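Some notes on the structure that comes next.
The values are calculated or read from the model by the stated rules, or taken from the named source; none is laboratory data. For clarity, every value in this text was computed on a predicted model and none was experimentally measured. Every residue, glycine among them, receives a Cβ derived from its backbone with ideal geometry; neighbour counts consider all protein chains shown. Accessible surface areas use protein heavy atoms only, side chains included; no ligands, DNA or RNA. Shrake-Rupley method; radii C 1.70, N 1.55, O 1.52, S 1.80 Å.
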Amino acid sequence: MDQDALVAGLKKLASDLEKKEGPLALLMLLAPDLETNDAWNLIVSAHGFDRQSRGHAVKEVSALLRESVNESEWSRIARATVLRTDDPFVRAMNSAFRAENSVINLQACNVFGIDIPRAVLLESKQVAA
């Protein structure tokens, strides 16, 4: 899969989100299965979102996504999920991976009992409460 353009846009999204909502605990793309290249779930977690309703946070992520990612790449993201920084999935990813301003491709792995068919991890770090 050619993901360079999408990843470049997501790096800009990470920068924009950190300016607005503080440090990111998690930013990743998660595929529903090994073969899917165009139905990613964008998962975001930042302390600033912990204080907001999930609906408002998803709207903010969606708006910033449209500003950061090329329009030709929008259709590759099927949905956006915003998780609290204390969510068990966020904690599991933060415990298993340290990724800051990097790209880690994951395939067919299990993280603390959570099956991940395929993912692109851009940010994963514990952030101060």
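Odds and ends about this structure:
- Each other residue within a Cβ distance under 14 Å of SER15 adds +1 if Lys or Arg and -1 if Asp or Glu, for a net charge of -2.
- Among complete DSSP H helices in the chain, none has alpha-carbon atoms stretching at least 27 Å along the helix's long axis together with a mean Kyte-Doolittle hydropathy reaching 0.0.
- Shape class for the stretch 18-93: oblate, because the ratio a/c of the largest to smallest gyration tensor axis (alpha-carbon atoms, square roots of eigenvalues) is 1.5 or more and b/c is at least a/b.
- Cα pair distances exceeding 23 angstrom across the chain, given as percent: 24
- Span from the the stretch 1-49 Cα centroid across to the the stretch 57-83 one, whole angstrom: 8
- Surface listing: GLU71, GLU18 arranged by accessible area from highest to lowest gives GLU71, GLU18, probe 1.4 Å.
- Comparing ALA63, ALA80, ALA31 in a Gaussian network model of the chain, where Cα atoms under 10 Å apart are tied by springs, the biggest mean-square fluctuation is seen for ALA63.
- The stretch 1-55: C-alpha gyration tensor shape, a/c 1.5 cut-off, then a/b vs b/c: oblate
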